[in-house]
Amino acid sequence: MNNRNIVLASFVCVITFCLGCEADNFQKLDERKWTLTWSDEFSGSELDLTKWKYDIGQGQNGWGNGEYQTYTKRPENIKLDTGNLVITALNVPFGGANFSSARIKTQGLFAQKYGRFEARIKTPYGPGIWPAFWMLGENISEVGWPRCGEIDILEIRGQMPNTVFGTLHGPGYSGGNPVNIMYSLIDARFDDDFYVYAVEWDDNKIDFFINDYLYGSIKKEQLPGDWVFNQPFYMILNVAVGGSFVGFPTAQTPFPQQMLVDYVRVYQESN
Amino acid sequence: MNLNKLKYAFLLGLCTCIFSACERDVEGLSTPEFPSIPQVFIDDFSAGLNYAAFGGSVPTAFQVDNKETHNNSSASMRFEVPDANDARGAYAGGSFFTSSGRNLSSYNVLTFWAKATKSATLDIVGFGLDLGANKFPTSISGVKVNTNWKKYYIPIPDPSLLTAERGMFYYSEGPEDGNGYTFWIDEVKFENLGTVAHPKSAIMDGLDVVKEAEVNEVIKVTGLKASINLPNGVDQSADASVAFFKFSSSDEKIAKVNDNGEVTVTGAGEAVITAKVGENVSKGSLTIKSVGLAPKPTVSAPVPTKAAADVISLYSNKYTNVPVDTWNTHWQFSTAEETFIKVQNDDVIKYKNLNFVGVEFVANTINATNMTHFHIDMWTPDAVTAAKSFKVLLVDFGANNAYGGGDDLSHELTFKAPVITSQNWVGIDVPLSSFTGLTKRANLAQLVLSGDFPNVYIDNVYFYKSNGGTGGATSPTSPAPLPSYPAADVISIFSDQYTNVAGTNFNPNWGQATVVTEISLQNNKALKYAGLNYQGTQFGSNQNVSGMQFLHLDLWTANSTELKIFLISPGPVETPYTLTVPTSGWSKIDIPLTSFAPVNLADVFQIKMEGNGDVFLDNILFRK
């Protein structure tokens, strides 16, 4: 597998085309050889439970974030449909909550230290809608959060559908005070099409990409606390409704809201 | 890959510019394209823009303003909303339009900035009024403005259709709670924004509506909406012109739909009307459930025969009708729909989907005090079963002549088979005295029809004054029906059927003006009180009626409007009881003796009547 080379090739085309216009938009990236280590193309008819586990219910304090929804594994909230994973947030009361949605994770099934983690996603939208593709340290049950570390590859506030947040949480930089990078489209929105959200992670930095455009990098020495990103992490996909990061859903929030995931792929560097 | 949508998209924009410089419309020579100028009003009228105030509005409401502008630009549009009752006009409103068309097909929204001297809600703002064909009017309503400049968006439902649009912008706003104010609008332009997304449309307000119909009925698709999701994730909905929608029917043999969204029912069965805007399927649908050619009256209801002078008519070709505010108040939860049709050239009201319907004559309440009966003709195609009922409710607003106030009275009567039959005119003709809860009827204001028949035709709705059913007769021609109580249960004062208390004086001289005679009706005796003011009856002996339950009498009067009967024990102790008059023929009356408390029932000796008119009595007796 040499995904990077293909991508780079297409990059070069764009670059040559635009070069005469604006040199600053040329990205000279290190060439890497990625080997696929794990993937889910969501091409079946049911979620592959050898790869994913469901999180169910309302969690503690709304999964630690004051989220309003309850998570279920009902097809209304999560299903595979024509090659995509579809997570649907509903404003129909269920299980004691006013909203329902879904959250899945690879905890105990797959975790990896370093490499490239990517997903091709079309995000939901609307005030109070909070889609996320993120990771937690596999040692969370031993050391707890935030010492286990958290890498948020994709987070969006539905009331700002043109803005993505890439974020690291760790000891001394967590909750409302993480280290993050914000990236906005000027005349487009992430909920209008599929985008590939990725991180490339090694022993001293984590790079954040959208459609292979490197929009930010957080280096070990930049962190205000310990670098805890030196052990395997597992992945999580979810759509929350309401919560500390996103605020309240309103009467004007359009429902239902769907997050479509075309694939999730994980690579390790080869040579 | 959507690199073109990323931050450096402006690069691509540059590339696009280069492309478009190369693009030439080689086939465009035959059809000249209109210019795609996006600006409507930035700091001045854009090219070819005109303004016309709407009729009845303040003609000078719109002015160009150089002081209050968005972003310190050189000019904005200022709109002065008048106070209520301003002699110059009732509201501010007008349209900005161009003399020749513009090609707006490359834009997805009309945007503008607005602010006002106070928080207010603009009635309507839109585009597509060209003061000509007005083909594509699209508007947002209830637009909240305040003292800060804010950007607003009006979605263009299907831009590809706007290749020659002249209606650039229009507005209409009336006083807020009677008060005028000023608002400004600036930077009005068509834009193609990537920050708005998810264009959607809807018919029937996005609901799946089911309507029962019959062949030849025309039903309009309503609730036409278009929306776009704004940069803040909230949908902006607009009322969209029908011209943006392409309608289709699931079965043209049952229902056809034209470009105006008018559905014509053509056959029996079920057809679903849906729509598209461009290639996007609109949310919502209209399902037509057609019964085919529904049975309906083929003959008109019998023409009423009552003299016009004795009638207060609400609906009849025979009489001059009193004003009725509405034949369908559309009260909440009422599904009834009314149409006014003709049957053999006779006007008839048709109700369908009738669960209940309010009929109001509040503006001119009806005094039916002098009327004795209510009449309505009804016809239903629906199957009649023993359980199904048709109900008639009359409401009197009482002395205050207004709803509420504690003096309202009402009563509902229920009619079932065999009175109600299917596919026949049923003449419902009932004494107003049957509406027992309606003890007064000087301020009748509402009639409510309800029940289990969803399809009902009605005609000849009127109150009338009965003359005993003998066409103006002033005395009965037949005797009261003979009572059938066992003699052992009766103490009779006046009856051919029983042994009467001996020695009773039916005309004691108490100074009355009443003329009392005993008449014979088919060999059955009756008492006649002519020109009643009051009239006593002195029993032949004091009676102990404490073992009895009712004072019974049969009453006939065509012209009495006020009548009371008293039972009297020595003292005298007397208590009146009001009788419903006039009657419709012989009226059989049973008055519970408890009504006469504190009269001593163990020792009664007189009866007295007070009132007016000519009154006929028979079978005056006490019974168990």
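Bear in mind these aren't lab numbers, they're just calculated from the coordinates by the rules spelled out. Keep in mind that what you see is a predicted model, and the values were worked out from it rather than measured. Positions of Cβ are backbone-derived with ideal geometry, glycine not excepted, and every protein chain shown enters the neighbour counts.
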Dipole of the stretch B:198-290 [Lys/Arg +1, Asp/Glu -1 at C-beta], most positive-end residue of B:265, B:243, B:278: B:278
Could you run the Debye sum over the Cα atoms of the stretch B:488-528, one equal point scatterer each and no solvent, and tell me log10 of I(q)/I(0) at q = 0.30 Å⁻¹, two decimals? -1.11
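For chain B, give the magnitude of the charge dipole about the Cα centre (Cβ charges: +1 Lys/Arg, -1 Asp/Glu; no others), in debye to the nearest 20.
On the way: 44 positive and 61 negative charges, 110 e Å.
Approximately 520 debye in magnitude.
List the chymotrypsin sites (Phe, Trp or Tyr not before Pro) within the stretch B:567-624 that DSSP assigns to loop and that have no more than 11 neighbouring Cβ atoms inside 10 Å.
The qualifying sites: there are none.
Using the 10 angstrom Cβ neighbour count as an exposure proxy, how do B:518, B:212 rank, fewest first? Walk me through the numbers on the way to the answer.
On the way: B:518 11, B:212 17.
Ordered from fewest to most neighbouring Cβ atoms within 10 Å, B:518, B:212 come out as B:518, B:212.
How large is the charge dipole for the protein assembly as shown, taken about the Cα centre, if only the Cβ atoms of Lys, Arg (+1) and Asp, Glu (-1) carry charge, to the nearest 20 debye? Don't jump to the answer; show the numbers that get you there.
Values: 66 positive and 92 negative charges, 182 e Å.
Using Cβ point charges on Lys, Arg, Asp and Glu, the protein assembly as shown gives about 880 debye.
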Surrounding charge for residue B:259, neighbours by C-beta under 15 angstrom, Lys/Arg +1, Asp/Glu -1, total +2
Under 17 Å from residue B:525, Cα to Cα: lysines that are on another chain or at least 8 residues apart: B:588
If you line up the Cα atoms of the stretch B:346-470 on their principal axes, what length do they span on each, largest first, in Å? 42, 37, 30
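Please work out the Cα convex hull volume for chain B and give it in Å³ per residue. Kindly include the intermediate steps, with their values, before the conclusion.
Details: hull volume 152.7 nm³, N = 624.
Enclosed volume per residue, from the Cα hull, is 245 Å³.
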Let me have the 222 nm mean residue ellipticity of chain B computed from DSSP H runs of 4+ only, each contributing -39500 (n - 2.57), with the sum over all residues rounded to the nearest 500. -500 deg cm²/dmol
Quarter of the surface of the C-alpha convex hull for the stretch B:198-290, i.e. direction-averaged projected area in nm², equals 5.4 nm²
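If N is the number of residues in the protein assembly as shown, what value comes out of its Cα radius of gyration divided by 2.2 N^0.38 Å?
Working: Rg = 41.6 Å, N = 895, 2.2 N^0.38 = 29.1 Å.
Ratio of Cα Rg to 2.2 N^0.38 Å: 1.43.
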Using only Cα atoms, find the angle between the long axis of helix B:9-22 and the longest principal axis of chain B, and express it within 0 to 90 degrees, rounded to the nearest 10. 70 degrees
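Over chain A, what is the mean sequence separation of C-alpha contacts under 8 Å (at least six apart), divided by residue count, expressed as relative contact order in percent? Write down the numbers at each step before the final one.
Working: 657 pairs, mean separation 74.4, N = 271.
Normalised by residue count, the contact order of chain A is 27 percent.
Given Cα positions, please report Rg to Rh for the stretch B:487-623, the hydrodynamic radius being the Kirkwood one. Before the final figure, lay out the partial values.
Values: Rg = 13.8 Å, Rh = 14.9 Å.
Radius of gyration over Kirkwood radius for the stretch B:487-623 works out to 0.93.
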Positive-pole candidate from A:137, B:509, B:343, dipole of the protein assembly as shown, charges at beta carbon: B:509
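I need to check one value: relative contact order of the stretch B:46-124, counting alpha carbon pairs closer than 8 Å and at least 6 residues apart, in percent. Don't jump to the answer; show the numbers that get you there.
Details: 92 pairs, mean separation 26.5, N = 79.
For the stretch B:46-124, the relative contact order is 34 percent.
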Nearest 10 degrees is fine. How inclined is helix A:3-19 to the longest principal axis of chain A, computing both from alpha carbons? 70 degrees
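How big is the dipole moment of the stretch B:31-193 about its Cα centre under a simple scheme where the beta carbon of each Lys and Arg is +1, that of each Asp and Glu is -1, and everything else is neutral? Debye, nearest 20, please.
Working: 12 positive and 18 negative charges, 32 e Å.
That gives the stretch B:31-193 a dipole magnitude of about 160 debye.
Mind checking Rg over Rh on the stretch B:272-314, alpha carbons, Kirkwood formula for Rh? Present the calculation step by step, with values, prior to reporting the outcome.
Details: Rg = 23.2 Å, Rh = 16.0 Å.
Reported Rg/Rh, Kirkwood definition of Rh: 1.45.
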Signed unit charges on C-beta, dipole axis of the stretch B:31-193, positive-most listed residue B:169, B:100, B:39: B:39
List B:439, A:82, B:380 from most exposed to least, where exposure is judged by having the fewest other Cβ atoms within 10 Å. A:82, B:439, B:380
Pairs to check: A:79/A:205; B:67/B:151; A:53/A:219. Give those whose C-alpha atoms are more than 24 Å from each other in this structure. A:79/A:205; A:53/A:219
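Convert 25 °C to kelvin, take the viscosity as 0.890 mPa s, use the Kirkwood radius over C-alpha pairs of the stretch A:182-230 as Rh, and evaluate the Stokes-Einstein diffusion coefficient in µm²/s, rounded to a whole number. Display every interim value, and only then the final one.
Numbers: Rh = 12.4 Å.
The Stokes-Einstein estimate is 198 µm²/s.
So which of B:144/B:211; B:318/B:388; B:211/B:246; B:416/B:440; A:73/B:283; B:296/B:388 end up more than 23 Å apart by C-alpha? Don't skip to the end; give the middle numbers.
Numbers: B:144/B:211 35 Å; B:318/B:388 31 Å; B:211/B:246 20 Å; B:416/B:440 26 Å; A:73/B:283 27 Å; B:296/B:388 19 Å.
Going by Cα-Cα distance, B:144/B:211; B:318/B:388; B:416/B:440; A:73/B:283 fall outside the 23 Å limit.
Are there any chymotrypsin sites (Phe, Trp or Tyr not before Pro) in the stretch B:334-403 that are in a DSSP loop and have at most 13 other Cβ atoms within 10 Å? List them by number.
Numbers: sites: B:340, B:351, B:356, B:361, B:374, B:379, B:390, B:397, B:403; in loops: B:361, B:397, B:403.
When the chymotrypsin sites (Phe, Trp or Tyr not before Pro) of the stretch B:334-403 are filtered for loop state and at most 13 Cβ neighbours within 10 Å, B:403 remain.
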Honestly the stretch B:141-187 on the Cα gyration tensor test (a ≥ b ≥ c root eigenvalues; a/c under 1.5 rounded, otherwise a/b vs b/c for prolate or oblate) is just prolate
